[in-house]
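The values are calculated or read from the model by the stated rules, or taken from the named source; none is laboratory data. Keep in mind that what you see is a predicted model, and the values were worked out from it rather than measured. Heads up, the Cβs are rebuilt from the backbone with ideal geometry, glycines too, and the neighbour counts pull from every protein chain shown. These accessible areas exclude ligands, DNA and RNA; they are computed on the full protein's heavy atoms, side chains included. Shrake-Rupley method; radii C 1.70, N 1.55, O 1.52, S 1.80 Å.
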Amino acid sequence: MTVKPGPKNLISDVAGLKVGNAHHADFATGVTVVLPDEPVTAAVDVRGGAPGTRDTSALDPTCLVDAVHGIVLSGGSVFGLDAAGGVISYLAQQGVGMSFGQSPVRIPLVPSAILFDLTFGPDKDWGATPPYRELGIAAAKAAGSEFDLGNIGAGHGATAGQLKGGLGSASAVSGGFTVGALVALNPVGSCINPANNDLWARPFELDGEFGPAPAAPDTPAALSPLGGSKLEARSAGANTTIAVVATDAVLTKAQAQRLAIMASDGMARAIRPIHTPYDGDTVFALATGASALGDQPGEALAMLGSVAADCLARAIGRAMTSAEPLHGHDAWRTA
């Protein structure tokens, strides 16, 4: 079974999904929004030791809600949870959301996750009004099928180990299905193999999407459990990788949760160490429901989960190759 990137090599290759980004350069932080054209089945997998989320309990397969109207990834730690409120208000004004009885009010369900970028760049002296609600609205208004990677959206203030992190995305077409991944990359761990200065994600690259590999060092560094990480630099206070994986398959909430669980291993393929006590690693899974799993649903779901994990690893690699130096943090391509 072959695997190839989608036409744009973005999560928006999954038909019916749009992505919007907004950032505040003065505060070096931002927000990324995933908006489906129609409500989609969703689930979540949280593995980090310090997560920050909103409305993820509703995604439990035993809970009532069976679809969501958007997903928000935000910088700003707990302040960034306001971004979802902005997106909810925007969507409600567009007539998007659940309706109850005769009430004209629409209630959009927009789960979200945050990363910690408060110590990156300028002081966050925003006073009594953090910018995240307005950033959420701006990101929702900007949503489209094309978007840039790197120092934008929730990836604007992100760092990956001791280098600049950012926003990454990738897609894959296999077995008649499309899978996509979107990541705001801000881990304690490093994405670089010290033995060759190359990406840990390199083995999962498709069609040269990472660009040329760097020259290997004359004296490769020994593999260390914390090599290149923020922990090695004694600076573990700005962390968490948050992501969305999506497919056009028809999935139940329980199947979507299995997809999220399998996809989370893509982080382990591209980041070392991962899921630490200092990270709040979270992966959302979305299923747009365009293509049935067929007469062997377990096998099809196993294939989708494997592709999604590789796709997330590739999105992490693309975040690293797209990041640019900012506020004293070198990018991998320019380090």
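Restricted to Cα positions, what overall size does region 191-311 have along the principal axes? Three whole-Å values, descending.
53, 33, 19
If the cut-off is a Cα-Cα distance under 20 Å, which aspartates and glutamates reach LYS124, setting aside same-chain residues fewer than 8 apart in sequence?
Reachable aspartates and glutamates: ASP26, ASP82, GLU134.
Would you mind giving the three semi-axes, in whole Å and largest first, of the ellipsoid equivalent to region 1-147 according to its Cα gyration tensor?
24, 21, 17
Kindly state, as a whole number, the per residue volume in cubic angstrom of the convex hull around the alpha carbon atoms of region 200-269.
In region 200-269, the Cα convex hull volume per residue is 148 Å³.
Just for the Cα atoms in region 140-194, what are the lengths along the principal axes, largest first, rounded to whole Å?
If we take the Cα atoms of region 140-194, the spans are 38, 32, 13 Å.
What does region 93-215 give for Rg and for Dmax, in Å, if only its C-alpha atoms count?
19.0, 66
Hey, what's region 222-335 come to in accessible area per residue, 1.4 Å probe, Å²?
Values: 4230 Å² over 114 residues.
The answer is 37 Å² per residue.
Can you give the accessible area of HIS24 in Å² (nearest 10), computed on protein heavy atoms with a 1.4 Å probe?
Per-residue accessible area (HIS24): approximately 50 Å².
What accessible area per residue comes out for region 169-212, rounded to a whole number of Å², with a 1.4 Å probe?
On the way: 1190 Å² over 44 residues.
Computed with neighbouring chains in place, this is 27 Å² per residue.
Report the calculated FRET efficiency for GLU134 and ASP295 (r = Cβ-Cβ distance, R0 = 56 Å), to the nearest 0.05.
0.70
In whole Å and largest first, what semi-axes does the C-alpha gyration tensor of the chain yield when each eigenvalue is scaled by 5 and square-rooted? Working shown, then result.
Values: eigenvalues 175, 121, 52 Å².
So the equivalent ellipsoid measures 30, 25, 16 Å along its semi-axes.
As a test question: what accessible area, to the nearest 10 Å², does SER57 have when a 1.4 Å probe is rolled over all protein chains in place?
Surface open to solvent at SER57 totals about 90 Å².
DSSP H helices in the chain with Cα extent of 30 Å or more along the helix axis and mean Kyte-Doolittle hydropathy at least -0.5?
Details: long enough: 297-322 (36 Å, 0.69).
Passing helices, by number: 297-322.
Under a crude label model (7 Å from the Cα following the beta-carbon direction), how far is GLU324 from SER57 in nanometres?
With each label placed 7 Å out from Cα toward Cβ, I get 4.3 nm.
Using Cα springs under 10 Å in a Gaussian network model of the chain, which residue among ALA216, ALA256, ALA128 shows the largest mean-square fluctuation?
Of ALA216, ALA256, ALA128, the most mobile in the Gaussian network model is ALA128.
When you count, for each residue, the other Cβ atoms within 10 Å and take the mean per peptide, how do 1-10, 277-286 rank with the highest first? Before the final figure, lay out each step's value.
Values: 1-10: 15.0, 277-286: 26.0.
Top of the packing list down: 277-286, 1-10.
With only alpha-carbon atoms counted, please give the Rg and Dmax of region 75-127, in Å.
15.0, 48
With the chain treated as a Gaussian network of Cα nodes joined by springs under 10 Å, which of ASP66, ASP125, ASP37 yields the largest mean-square fluctuation?
For the chain, modelled as a Gaussian network with Cα springs under 10 Å, the answer is ASP125.
With springs only between Cα atoms under 10 Å, which of LEU17, LEU64, LEU301 fluctuates most in a Gaussian network model of the chain?
Maximum fluctuation in the GNM of the chain, among the listed residues, is at LEU64.
With a 1.4 Å probe and all protein chains left in place, how much of the accessible area of the chain comes from carbon and sulfur atoms, in whole percent? Don't jump to the answer; show the numbers that get you there.
Details: 6820 of 13060 Å².
About 52 percent, which is the carbon plus sulfur part of the accessible surface.
For GLU232, what accessible area in Å² do you get when you roll a 1.4 Å probe over the heavy atoms of the protein chains, rounding to the nearest 10?
About 90 Å², ignoring ligands and nucleic acids.
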